[in-house]
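The values are calculated or read from the model by the stated rules, or taken from the named source; none is laboratory data. Because the structure is a prediction, the values reported are computed rather than measured. We place every Cβ from the backbone using ideal geometry, glycine too, and count neighbours over all the protein chains shown. Surface accessibility is based on the protein's heavy atoms, side chains included, excluding ligands, DNA and RNA. Shrake-Rupley method; radii C 1.70, N 1.55, O 1.52, S 1.80 Å.
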Amino acid sequence: MLFNSLQFLIFFPIAILVYYACPKKARYIWLLICSYYFYMSWNPEYALLILASTVITYVGSLIIGSEGVSNKPDKKRKAVLVAVLLSNLFILGFFKYSGLLIDSVVYVFGKIGVYLTKPTFDIILPVGISFYTFQALSYSIDVYKGEFKPEKNFFKYALFVSFFPQLVAGPIERSKNLLGQIQKVHEIKFNIEKVYHGLLTMLWGFFLKMVIADRLSILVDGVYARFYIYGGVELLFTALAFTIQLYCDFASYSTIAIGAAEVLGFTLMENFDAPHLSMSIKEFWRRWHISLSSWFKDYLYIPMGGSRVKKSRRYFNLMVTFLVSGLWHGASWNYVIWGGIHGLYQIIGEMLMPIRNKIRSILGLEEDCATVKVLRTAMTFLLVALALVVFRAPNMSQAISFLKRIVMDFDPWILFTGGVYELGLDRPEMNIAFCAVALMVVADVIKYKKRITIVDAVLKKDWLFQVVSVTALLLVVFIFGVYGPAFDAQAFIYFQF
């Protein structure tokens, strides 16, 4: 079930009304039913996988956190944790990476003259499997580390793993936050201000998805399908457009999820913090997909030694973290290479820092001067966009060809001939995209500078401004939203991860 579908438009109000009307002690049961129905609307068989992950981590964490085991040697508790981790990662690996493994083995053996027949069976990737698997694993790890006591109520824990607002594409919640709120769900009271704030947050998410992301996808998909007929400027413009599309698509899901949870009285963690206003790749990753970045930092990077080791080891830890992060995104070597590129960005950036500081000193420019900030922000955005060519292209061969054409066939005069209006969106549609992106940038600048969301900024104004703003946004979504062929809702990009 997609957020931007008619099915969700019917499902969500019913879920809310029954949630607040039913006995408070039964709320978590109702939310669990809603969550499984929400997930099973894609494929009922998916429920078996999320249930398996839930049972494994629930039972394993009970054993890890039980008094009898916790008093025994640590290696026994560790053995249980390893079993929980491996069993969940096996499920994730089988359904998500079997194809990549088979293709890689066939390719390697083919290079040495041994030609294998590739199996013909197809494995369907369950939506959101990487998200709920990592959320469940973080719970078991937290219990092992003694940071959270194991939840004895299976249904409350099952709701933590399957909570429908953030189930499919995050944010990846921690047990302290979400499970802690589920344990006190009976204490949640209906709050009209929170409901109003949550609905407005959802509306902003729908704007990002339906007006910007889905509109830009028409341009991006069309150009990538025939990239060889375009020049460097058009391809660079498309790379920049995809960067914005991906951000609006992914941030919109998190925004709608946060808003939907707030309507139900829950608070989810922030997942995006104006990442494209970052002045370095390191800062970018503190602001982009925060729940995943912090997950890898806490459960992979720091356990490997983090930055508390010598420089060469720190670079190694950083690169491994980004390679694994790339693999998390999809069963393709493109994603691994994309992750490696970001690892190299950070390593090279740190190595070049003394040189950059010296150049800035020679030019007499302060680090916080406007010129330096603008240049650093623009360069960071460009580096992110170029790396995303590898992320978006169907294979490395096309990614390399795409990047080559940007460099070898760069004709800036195309900007003055209206060529950008011939990339899949006509002039009116492109102008709508420009205006919508401009509004998104304003919202991000407000968040970056004043540390408040666009919704909070609007709610600080008088009632008339609120009415006009909300009405205008509603009309923009209904009139200019892209609803897909025959009004089919467009899936979110990160559903495939």
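Solvent-accessible area per residue in segment 255-299 equals 28 Å², computed with a 1.4 angstrom probe and all protein chains kept.
Taking 7 Å steps out from each Cα toward its Cβ at GLU429 and GLU147 produces label points 4.6 nm apart.
For segment 397-474, trypsin sites (Lys or Arg not before Pro) are listed when DSSP marks them as loop and at most 16 other Cβ atoms sit within 10 Å of their Cβ; the list is ARG451, LYS460, LYS461. Considering only Cα atoms, the convex hull volume of segment 377-432 works out to 122 Å³ per residue. Take the Cα of ILE359, step 7 Å toward its Cβ, do the same at ILE29, and the gap between the two points is 6.6 nm. What distance in nm separates the simple spin-label points at MET40 and SER98, each placed 7 Å from Cα in the Cβ direction? Result for the modelled spin labels: 2.3 nm. How large is the translational diffusion coefficient of the chain in µm² per second when you combine the Kirkwood radius over alpha carbon pairs with Stokes-Einstein at 25 °C and 0.890 mPa s? For these conditions, the coefficient is 100 µm²/s. Where in segment 143-161 does the amide nitrogen come within less than 20 Å of the point 7 Å from the Cα of SER66, taken along Cα to Cβ? Only 143-158 pass the distance filter. Using the Cα gyration tensor of segment 121-233, with a ≥ b ≥ c the square roots of its eigenvalues, what is the shape: rounded (a/c below 1.5), prolate (a/b larger than b/c) or oblate (neither)? In terms of gyration-tensor shape, oblate. If you average the alpha carbon positions of segment 263-311 and of segment 90-147, how far apart do those two centres end up, in angstrom? Taking the Cα centre of segment 90-147 as reference, the centre of segment 263-311 is 24 Å away.
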